[in-house]
C-alpha cells in the first residue's frame, strides 16, 4: 500500500515541480509542466502512437483469441496441448522473444525478408522505416496477446453449461445461431474483462519500444510510457515526466470507466 | 436419410478442419521459437547467407559456449530468482492475513480498506515508478535486491484473489475451531491456508512469472552488471551485439526463455488456472 497510494499523491506533487532528480533543490512551478505538456509535440505524437498501438493490438488479438478459444474448446483430450502451444508466447521471457523478433525482422537476412525474397517480392524495412516500425511492433504485440486472450476466453467458455447449447439445438438453432445467441451473450462478462485488461496492457507498452527501436526511427515508436521513462531517466525532467504519468493515469482511468459504462448494458451476467 | 448422411459427413469433416486451422495457427505462433533455436545452432558463416535454410548444415553448440563463458549467466539467473522469490515470500506473508481479515473478520472500516486494496489493482506501475525510484534512491537501495523487490512486497490482486477464495469456506468450520479454543491466527494457518492452497499456488506461479519477466523496474534500479536480472542482461547483450553475433544472441535468448518455459510446462495446468483466476475474477 505504501508503495502504491503514497506514490500516486507524490507523483501529483512532483508534477508541480521543476526538479532534475540530482540536485537537492526543486522549484514549485504550479501547473507549468502541464501547460508545457499540452504544447509539446512529443506528447501528441506519443499519444497518437499509443492509440494506434492499442487499436492495432486489442481488437485483432481479441477476435483471434476468441476464435481460437472456440476451436480449442471442442478438441476434447487435445485441449491441453493446443492451449499450451498457443500460450507459449505469453509464457516465455518477453525480452528474449523481442530479440528473436528483431532477428526475424532483420533487413537483409531476417526470416521475413528472406521469405519475401523467395517470393520475388521486395524486402520491407520492418523496424528501420517510420512507416512500418509501429506496425512491426503491433505484429509482435498480437503474437503475444492472442494466446493469453484465448486462455481467458477458454475459462469463460468452460463456465457455459452445455444444457444451454443442447436446448438451443433442440429448438433448431444451427451452429452459427448458437454462437450468436448463446455463446457470445453468455461470454460477455469475460469479453468485457478481456477488453479492459488488454487495453490497459496495450496502452502501457514499453518493452518493445525500448528494446527494439528506442522509440525510433524518427519518433515513430515513441509511446507514452516510453516518453515518461525518457523524460525522467534520460533527461531528468522529473516534473514533466510526473505530469505525463498523471495524465496517462487519468486517461487509463477514464478509458476503463468509459468501457464499463458503454458495455455494461450489453453484458449479461448469469 | 440424406440429412443424417450429411450430418455424419460433417461430424468427420469438422474435426479435421479444426485441426487444420489450429495446426496452421500453431505454425505461425511457433515460428519464432523454431527460428530462434535453429539460428542458435548455426555457425556464423551459415547465418550470414542470403538464401533461406531452416536447418543448420553443421549444427554446433559454439554459440552457447561463447555466451556461457562471456557472461556470468548463473549470476543473472540467481539475481532473477532471488528477486522473484523475495517478492513471492513477502506477498504470501502479507496477503494471507489481509485476505483472511477481509473475508472472515468484522472490524470498523473493513469495507473502506477493501476498496483501497481493490484500487491498488487499478493503478498502473508506471505512475508509481518515479516516486518509488526517488524513495528507493533516498533509502540507498539502488542496485540491491531490496530495491528490486521493494515496490512489490504486497499485492492488491493477491489479497483480492485469496479473499474470494476464503469467502467460499463455510463459517461453520471456523466456528467449530473457535469452540475448540483456536485463535484467529491458528484458524488462519491450520484451517484456511490448507484449504486455500490451490488459490495460493496459482497466485504464487503467476507472481513468480511476472517478476521473473519484469524489465521496467530493474532497468531503473540496477546499476552494475552483477546485479542484472535475466531480462536486463539479455537487453544489454542485445545492445552490444545487435547486428553482429545473431547466433550468440539467439543462444542467449534460448537460455533466457528455457527456465520460465520449463517451469511453465511443469506447472502448466496450475498456471492456466492462475491466469484464469486473474482473468475472470480480477
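The values are calculated or read from the model by the stated rules, or taken from the named source; none is laboratory data. Just so you know, these numbers come straight off a predicted model, no measurement behind them. Virtual Cβ from ideal backbone geometry, glycine too; neighbours counted across all protein chains shown.
Summary of values
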quantity: Any hit, the stretch A:139-155, residues being surrounded by fewer than 22 Cβ atoms within 10 Å (Cβ to Cβ), more than 15 Å from the chain's Cα centre (by Cα) and under 21 Å from residue B:47 (Cβ atoms); calculated: no
quantity: Where residue B:166 falls short, out of the listed (1) more than 21 Å from the chain's Cα centre (by Cα); (2) at pLDDT 85 or above; calculated: (2)
quantity: Test: residue in the stretch A:55-65 that is more than 16 Å from the chain's Cα centre (by Cα) and either within 11 Å of another protein chain (Cβ to nearest Cβ) or under 29 Å from residue B:41 (Cα atoms) (or both); calculated: no
quantity: The listed residue being out of contact with any helix residue (DSSP H, G or I) (no Cβ under 9 Å at 6 or more places or on another chain), under 30 Å from residue B:96 (Cα atoms) and in a helix (DSSP H, G or I), out of B:198, B:218, B:194, B:231; calculated: B:194
quantity: Conditions (1) more than 8 Å from chain B (Cβ to nearest Cβ); (2) assigned to a loop (DSSP other than H, G, I, E, B); number of the one not met by residue A:141; calculated: (2)
quantity: Selection count, the stretch B:153-172, where residues are out of contact with any helix residue (DSSP H, G or I) (no Cβ under 6 Å at 6 or more places or on another chain) and assigned to a helix (DSSP H, G or I); calculated: 3
quantity: Per-region count, the stretch B:92-110, residues in contact with a helix residue (DSSP H, G or I) (Cβ under 8 Å, 6 or more places away or on another chain) and over 21 Å from residue B:190 (Cβ atoms); calculated: 2
quantity: Scope the stretch A:153-174; condition under 15 Å from residue A:74 (Cβ atoms) and either facing chain B (nearest Cβ under 9 Å) or in contact (Cβ under 8 Å) with a residue 40 or more places away in the chain (or both); matching residues; calculated: A:153, A:154, A:156, A:157, A:158
quantity: Residues of the stretch B:44-73 that turn out to be under 20 Å from residue B:259 (Cβ atoms) and touching a helix residue (DSSP H, G or I) at 6+ places or on another chain (Cβ under 9 Å), as a count; calculated: 11
quantity: Near pairs, Cβ below 6 angstrom, 6+ apart or cross-chain, from the stretch A:103-115 (at the interface with chain B (Cβ under 7 Å from one of its Cβ atoms) and under 14 Å from residue B:247 (Cα atoms)) to any residue that is at pLDDT below 85 and assigned to a loop (DSSP other than H, G, I, E, B); calculated: A:104/A:110
quantity: Every residue from the stretch A:20-62 that is at pLDDT 70 or above, part of a loop (DSSP other than H, G, I, E, B) and in contact with a strand residue (DSSP E or B) (Cβ under 9 Å, 6 or more places away or on another chain); calculated: none
quantity: Scan of the stretch B:206-234 for residues that are modelled with pLDDT under 85 and within 10 Å of chain A (Cβ to nearest Cβ), ordered by number; calculated: B:209
quantity: Test: residue A:199 is buried (at least 16 other Cβ atoms within 10 Å of the Cβ), within 13 Å of chain B (Cβ to nearest Cβ) and in contact with a helix residue (DSSP H, G or I) (Cβ under 6 Å, 6 or more places away or on another chain); calculated: yes
quantity: Filter result for the condition that a residue is modelled with pLDDT of 80 or more, in a helix (DSSP H, G or I) and over 22 Å from residue A:145 (Cα atoms), over B:17, B:9, B:26; calculated: B:17
quantity: Test for residue A:86: is it closer than 30 Å to residue B:15 by Cα and surrounded by 22 or more Cβ atoms within 10 Å (Cβ to Cβ); calculated: yes
quantity: The stretch A:239-249: number of residues that are surrounded by fewer than 23 Cβ atoms within 10 Å (Cβ to Cβ) and more than 17 Å from the chain's Cα centre (by Cα); calculated: 2
